[in-house]
Structure formats: C-alpha cells, structure tokens
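The structure appears below as structure tokens.
The values are calculated or read from the model by the stated rules, or taken from the named source; none is laboratory data. Everything quoted here is computed from the prediction, not taken from an experiment. Please note: Cβ atoms are built from the backbone with ideal geometry, for glycine as well, and neighbour counts cover all protein chains shown. What goes into the accessible areas is simple: the full protein's heavy atoms, side chains included, and nothing from ligands, DNA or RNA. Shrake-Rupley method; radii C 1.70, N 1.55, O 1.52, S 1.80 Å.
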Amino acid sequence: MCATCGCGDDAAAVITLPHEHEHEHEHGHDHDHPHEHGHDHPHDHAHGADHVHLPVTETITLEQKVLAKNDELAQRNRDWLAARDILALNMTSSPGAGKTTLLERTIREFGDASIAVIEGDQATLLDAERIGATGCRVVQVNTGAGCHLDAEMTHRALETLDPAPGSLLFIENVGNLVCPALFDLGERGKVVVISVTEGTDKPLKYPHMFAAASLVLVNKIDLLPYVDFDLAKCREYAAMINPGAEIVPISVTSGEGMARWYEWLRSQRAAIDDHAPAT
Ligand code: MG
C-alpha cells in the first residue's frame, strides 16, 4: 500500500492480452476487495474517537518501512535489467497527457532497439490493447485501488513479459504525479510527460515528481495557439525544481520535437552500453 494516500495494491493483477495464450492470467481473486483497504487510510482514524491522536511518527515509520522494502525490490529489478542490458524508463504523467499515444508513435518510429512495454492502469486492458496493436510485446498491470506501480508489481510484470536482452522497456505508470514519484521501480530514469492543456504551474505543484525526473516532455504543443499555456514560464518552473532535467516540447500528433526525444533515448542507450560489464 501507499503510506501517503492509503491506497492498497493487494488486488494488483498482472494481465496479458487475451490472445497471448502462453501466459496464465492472474486476477488476484484470493485477495481482499479494494474497498476494504480504506480502513488503514490515516485520515479514517479521525472518525473514531479512540484514534483521533494518531502519532505522526507512526505514520512516518510505516512510510519509511514501505519505501525501504520497495527500494530493496527495485534494486533487484535494476540488477535483473542491467544483467540483460535492458534500458528501462518509468513514464509518468497526469491522466490524459498522452503517454500511450507517445509510446505508440515511438514504437512505430524508433528503430534503434526492440521495444517492450509494461502498462499500468487501475483498470482495463485498453492501453495494452493499443500497444499490442503495434505488434509490440506488452503486459498490463491493473492496480485496482492503487494509484501507482511499485517494484513488486514491476517484478511480476517482468517475469511475465520477459523483455529481450538489449531491448528498450517503457513502464507506463498509472496517471498520477504524486505517488509514482516515491516508488522506484528499478528503472534507469523517470520521464515526466505534461501537456499544454494542463497548467503552466505543474512543476511547482508536483515538485517531487519533477525533482525525480530525468527528462520532461511537454506534449501537445500543436495546441499552443488555442490554450493559455506559457511554455517559457513552465521551463522556468521546471528548472527551479530540477535544473538537471532537460525539457523537450513535443507534439505526438504533428511529430514536432520527436527527433529530440529519440536522440535522448539513443543517448540513454549509449550510456548503458558504456557501463555494460565486458563479456
Ligand atoms: Mg495510458
């Protein structure tokens, strides 16, 4: 569970597309129903007179414990990926910023590596079906009540997906700029996608996510003439939070800026190759 928001991940399920018969589906039926997890939400304690004074230190200890366990599993994923020379990127955004559309176009156009995708959503196979339609290897993780992927879910997805050595792995996280910032999945870097239909002040409002990002993609710039979005200001805010992160304006629809995205992917690929152990 996420100690910050109290959401549960016990019902998380790793699901392959129906036509992929070689893998068994996992539905997590033996777990509790998501709605039953609300009882451990910190704010719920305020409703019971006995628990009004929940010590803050207890919450912090729990959060540290949850994150420490996640970090341990994430390191195992990282070692597993490194041993196979796989470049893994954790793709994060608000819902609707265009992550899946970005991946669809990237899969079609980026010819430098074979690509595999882990799709994270609370429910449905819809994004995995879109990615699968490109011919790309994909597995869907449904997080149930959970608002983020964690290292354990990623581990289970990796076992099912079994991405090819040397491949590029996109992990499309659940649309959420809060909790995914805290949970390391074992990726090489986080890519944050925002779009110009959102507020210019997104980097200031969600500083943890922008601080954790290796790259910020500002999508839908073809819509700039029609929306009240200040690209220069957004760059300024993002640089205040994370001076090291490059900001790349793109339009997945028109293709503008996509060449720089592909260049960045190649640079990450090359950096992995440089550090790969001699074989
Ligand atoms: Mg999506």
If you go through VAL196, VAL191, the only one that is within 16 Å of the ligand (Cβ to nearest atom) and at pLDDT 95 or above is VAL191
When you scan segment 136-156, do you find a residue that is of a type in the set (Asp, Glu), within 16 Å of the ligand (Cβ to nearest atom) and over 23 Å from ILE241 (Cβ atoms), even just one? no
If you go through segment 195-237 one residue at a time, how many are of a type in the set (Gly, Ala, Ser), closer than 23 Å to LEU185 by Cα and open to solvent by less than 50 Å² (accessible area, probe 1.4 Å)? 3
Condition check for VAL216: at pLDDT 95 or above and within 14 Å of ILE247 (Cβ to Cβ): yes
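Report, by residue number, each residue of segment 95-114 that is more than 18 Å from ARG260 (Cβ to Cβ) and either within 10 Å of the ligand (Cβ to nearest atom) or crowded, with 19+ Cβ neighbours inside 10 Å (or both).
Within segment 95-114, PRO95, GLY96, THR100, GLU104 meet the criteria.
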So is ARG130 surrounded by 17 or more Cβ atoms within 10 Å (Cβ to Cβ), within 26 Å of PHE110 (Cβ to Cβ), within 12 Å of the ligand (Cβ to nearest atom) and free of Cβ contacts under 8 Å to residues at least 60 places away in the same chain or not? yes
Taking into account only those residues within segment 247-264 that are of a type outside the set (Val, Ile, Thr) and touching an Asp or Glu at 6+ places or on another chain (Cβ under 8 Å), which is most open to solvent (accessible area, probe 1.4 Å)? GLU256
Would you please list the contacts, defined by Cβ atoms under 8 Å and residues six or more apart or on different chains, that run from a residue in segment 166-181 that is within 25 Å of SER114 (Cα to Cα) to a residue that is assigned to a helix (DSSP H, G or I) and open to solvent by 20 Å² or more (accessible area, probe 1.4 Å)? LEU168/ARG269; GLU172/ASP127
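If you check GLY186, GLY166, which single one turns out to be open to solvent by 10 Å² or more (accessible area, probe 1.4 Å), under 24 Å from ARG76 (Cβ atoms), away from the ligand (no atom under 12 Å from the Cβ) and not in a strand (DSSP E or B)?
GLY166
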Is there a residue in segment 95-114 that is closer than 24 Å to TYR206 by Cβ and in a strand (DSSP E or B)? no
Residue list for segment 57-94, restricted to those being open to solvent by less than 10 Å² (accessible area, probe 1.4 Å) and within 16 Å of the ligand (Cβ to nearest atom): LEU89, ASN90, MET91, THR92, SER93
Being of a type in the set (Val, Ile, Thr) and under 16 Å from the mean Cα position of the chain (by Cα) is the filter here, so list the residues in segment 158-205 that pass it. ILE171, VAL174, VAL178, VAL191, VAL192, VAL193, ILE194
